[in-house]
Amino acid sequence: MRNAKVWHRLLGVERTVIEAVEFVEETDTVVASVRPRQRGRQRCGRCGRRAPWYDRGEGRRRWRGLDLGVVQAWLEADAPRVNCPEHGPTVIAVPWARHNAGHTHAFDDQVAWLAVRTSKSAVQALMRVAWRTVGAIVARVAADARVRVDRWADLRRIGIDEISYKRGHKYLTVVVDHDSGYLIWAAPGRDKKTLRRFFTALGAERCAQITHVSADGAQWIADVVAERCPNAVRGADPFHVVQWATEALDQVRRDAWNAARGGKGQSTQQSKALKKARWALWRNPQDLTQAQQAKLNWLAKTHPRVHRAWALKEGLRVVFTLARHGAKTEAKHALQRWISWARRCRIPAFVDLQRRITAHQEAIHISIDHDLSNARMAFGYADPHALIGLGLLALGGLCPPLPGRRHQHALTR
Ligand SMILES: [Zn+2]
């Protein structure tokens, strides 16, 4: 094969013999016939161990590689099977692609890199793949990286959270490392069984090293943590506490809105204005536009109760702002004052919230002392494996570099 070195670099393959390269005019593609170098042949595709020959498998196979300029590139090779002592008849390992993948390493890595950084439509158009394929690639790149990079060695302070997907119909349980800030584990489901799988995988010794766990107030999380992490103290996540307050505020606003509609299902001027005020109520005071500030002022005059609920929510946020800036004692005092204020506020949603917060006061104090705050994230995938894969790549520090960037040349034009 002439120019073999050039073709190796162009196709981004290693430990591979390129037998021939052909340009297929009808499909506007380049097809390279390849095979693994002698020493790398006859290894199980799943475990990489040497294994005896089994059969020819399904004959020739193709793998999509990165485009060469403006044309698509494919690798083509035999895909015989070996008889692995552990896995039985399995297609051999190939140096240019992951097991069972239809794309090369370089192609996979570039898709993963783009999925983390750009839009869905940009990845699809640039790489000429379907979104489902992107999801499958993201899942396998993440699974691969998880095996190679150990992010579990020195876990001390972790956060456990449930996040919804499919518009709130399904849930993932996620675990973050508060010291590194990385997402380190995620799985479909939100129950004891799911969370136990994480601690089982972590192992008893590493579980014993965990000193702090933050979570929302969910009992199933508390139970499993108590059972598996003997040395950990639990904290209530500030994000969740403020979220509880936002929900209580929304309840108050909805009640006022319904009252303004007079229960007749008609929109009055008052109810419309209240509905519009929602955005002003949700934002942090320093982020309010002039128009939103005016709405708040209007609320103070026309719906003092809603306005008072807003002030209560803001008061709670201040507690955690103080904590974040290291004013721990002030934060605890502020929390104490907030509780007595809420107890006397005569707004049922906030009296309830006050009870809930009093019940979690110790956990909140732990949070204040240790500045635990769960990482927040948003996903757009419907397939949990793609979702988890993207989460681990984007938030777990596992995203591969773009292919061919190992040699750090200065950027040229
Ligand atoms: Zn095997």
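The values are calculated or read from the model by the stated rules, or taken from the named source; none is laboratory data. Predicted model only: the values in this text are computed from it and were never measured. Quick reminder, even Gly has a Cβ in these numbers, built from the backbone with ideal geometry, and neighbours come from all protein chains shown.
Among I357, I388, I366, which is the only one that is on the phi < 0 side of the Ramachandran plot, at pLDDT below 80 and not aromatic (F, W, Y)? Break it down stepwise before answering.
On the way: I357 fails: at pLDDT below 80; I388 fails: at pLDDT below 80.
That would be I366, the only listed residue that is on the phi < 0 side of the Ramachandran plot, at pLDDT below 80 and not aromatic (F, W, Y).
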Of the residues that make up segment 65-82, is at least one in a loop (DSSP other than H, G, I, E, B), touching a Gly at 6+ places or on another chain (Cβ under 7 Å) and within 16 Å of the ligand (Cβ to nearest atom)?
yes
Answer yes or no as to whether R343 is under 26 Å from I368 (Cα atoms) and loosely packed, with under 14 Cβ neighbours inside 10 Å.
yes
Meets criteria (crowded, with 17+ Cβ neighbours inside 10 Å, more than 16 Å from the ligand (Cβ to nearest atom) and closer than 22 Å to L126 by Cα) for A97:
yes
Just to be sure I understand, how many residues within segment 15-61 are within 16 Å of the ligand (Cβ to nearest atom) and in a loop (DSSP other than H, G, I, E, B)?
10
In segment 160-205, which residue that is modelled with pLDDT of 90 or more and assigned to a loop (DSSP other than H, G, I, E, B) is surrounded by the most Cβ atoms within 10 Å (Cβ to Cβ)?
R190
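What residue, among those in segment 332-348 that are in a helix (DSSP H, G or I) and of a type in the set (A, V, I, L, M), is farthest from S367 (Cα to Cα)?
Looking only at segment 332-348, we keep the residues that are in a helix (DSSP H, G or I), and these are 332-343, 348.
When the remaining residues are screened for being of a type in the set (A, V, I, L, M), the result is 334-335, 339, 342.
Working: A334: 14, L335: 12, I339: 17, A342: 21 Å.
That would be A342.
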Sole miss for G12 among (1) out of contact with any Ser or Thr (no Cβ under 6 Å at 6 or more places or on another chain); (2) within 16 Å of the ligand (Cβ to nearest atom) is condition (2)
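Yes/no matrix, rows are residues, columns are (1) touching a residue at least 40 places away in the same chain (Cβ under 8 Å); (2) surrounded by 13 or more Cβ atoms within 10 Å (Cβ to Cβ):
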{"position": "D216", "(1), (2)": "yes, yes"}
{"position": "V242", "(1), (2)": "yes, yes"}
{"position": "R254", "(1), (2)": "no, yes"}
{"position": "Q269", "(1), (2)": "no, no"}
